[in-house]
Amino acid sequence: MLSLQASYDPLALPMQLCRRKITRAAVDATPLLGPSLSSLGSVKESVNVSECEAVRNTCDPLVLAKLCTILEALGDRVEMHKNIGEQRDNWNSLFLISVNMMLLAAAIVVGMATVSAASNDQALPLAFKVTSTVLYLAATMMLVVANVIQPSQLAEEQRNAARLFKQLRDQVCTKLSICTPSIMDVDEAMEKVLALDKAYPLPLIGKMLEKFPKKIEPAVWWSQRSRQRAEGLSLEGKRIGNGWSEKLEDGMRDIVEVLKRKDLADYLRLSKKALKMNKVLAISGPVLTMLAAFGSLMVGFPHRSWASVMGMVCGALACIVNTAGHGGQVGMVFEMYRNNAGFFKFMEENIESNLSERDAEKRENGDILRLKVALQLGRTVSELEDLGKSLPSDGKAIEEFASKLF
């Protein structure tokens, strides 16, 4: 154990990233350099490695060690959320199949109880009635549990969490490979990790996200304090070109307006529809199973011919409702729409945080921000500029969505 601890170097990751990029660049460039320039490429490689060594020497080793510790935690969270997401997706399949099999079996047993009620044997119809009633009651309890926790929605939450933790891990790796990190980078990474932990909790009891909220809001997985700071990447202590202009500012304001009035509003509207449908299915399923259980219990009594019809028909309807709710994964659809709305809300706050900073030098680089927004919306830079120009000035409804991805 002591030998393993002694051989571990938390500061080796930035150097590995740097060497990996340099080696790949050198290999890719060798056929283009030719035999006469291959030695020059090796010289440049050694120079770049020495520059990385210089960056490592000028940076605080404690800062590098903290960022590497955060990277390890991020990798662990990615795997953890991925595994739990697969587990909860299996829950959804198991609940769906188990409840449907119980409902269909109970409906068949109700029919058998109806047929056997005409015979003189009283024990056989009683056994069928008790069996069907127990199956319906058990299916009701399982339906209530599944409707409360919404396994498909839980799985979607964990898939989003794994993706966002992986994205944050890549951001930290990029910062380690091309920048000289500071203690503010450590604090910001910690804020983002804790914000993601709060947005996508793992426990089911006490901290689970509300599955049927009274007010629908976009998902928020970013730190509000970190969004107030518009940052730009720095390389060897030098700020990258600012890239801002009045034209770019006006274009970004127009994009924010399109995001608010079209994309964000549309996904909030779809979220409301999905939530309303999910509520109807979640309530009607247990109600139908309880009616089916009551009908199966009344089979065989005089003047109760409707009982067998209620027992079988309500059981079949409950099976259909369960398949529509959990087989169709309506809870997952609601969570997907809510996260899409959160994505556009995040873009809106990111752009507004840069525009609200009066000192342009303290903003994120304008060219990089424009490219980032274009990639996030699935557009080219020229299409992004045309989007701002297409915004109607007379307050009319916007016809075009900002995003072409979803």
In this model, which of Lys345/Lys389; Lys198/Lys276; Lys211/Lys273 are farther than 23 Å apart at the alpha-carbon?
Lys198/Lys276
Residue by residue through segment 73-88, what is 3J(HN,Hα) from phi via Karplus (6.51 cos²θ - 1.76 cosθ + 1.60, θ = phi - 60°)? Round to whole Hz and write x for glycine and proline.
5, 5, x, 5, 5, 4, 5, 5, 5, 5, 5, 5, x, 5, 4, 6
Spelling out what I want: for every residue of segment 373-384, take phi, set θ = phi - 60°, compute 6.51 cos²θ - 1.76 cosθ + 1.60 (Karplus), and round to whole Hz; glycine and proline get x.
5, 4, 5, 5, 8, x, 10, 7, 5, 5, 5, 5
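So if I place +1 on the C-beta of Lys and Arg and -1 on the C-beta of Asp and Glu, and nothing else carries charge, what would the dipole magnitude of segment 245-399 be about its Cα centre? I want it in debye, nearest 20.
Values: 21 positive and 21 negative charges, 230 e Å.
My answer is approximately 1100 debye.
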Asn365 long-range amide H proximity, modeled H, under 5 Å
Leu233
If you place +1 on the Cβ of every Lys and Arg and -1 on the Cβ of every Asp and Glu, how big does the dipole about the Cα centre of segment 86-222 come out, in debye to the nearest 20?
180
For Ser182, list long-range residues whose amide hydrogen, built 1.01 Å from N in the peptide plane, is under 5 Å from its own amide hydrogen.
none
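Quick check on packing: order 253-266, 354-367 by the mean number of other C-beta atoms within 10 Å, highest mean leading. Display every interim value, and only then the final one.
Values: 253-266: 18.7, 354-367: 15.1.
So the peptides 253-266, 354-367, ranked by packing, come out 253-266, 354-367.
Any read-out appearing in this document is the output of simple, stated calculations on the displayed coordinates, not a laboratory observation. None of these values were measured; they are calculated from a predicted model. A quick note on method: Cβ atoms are made from the backbone with ideal geometry, for glycine too, and the neighbour counts reach across all protein chains shown.
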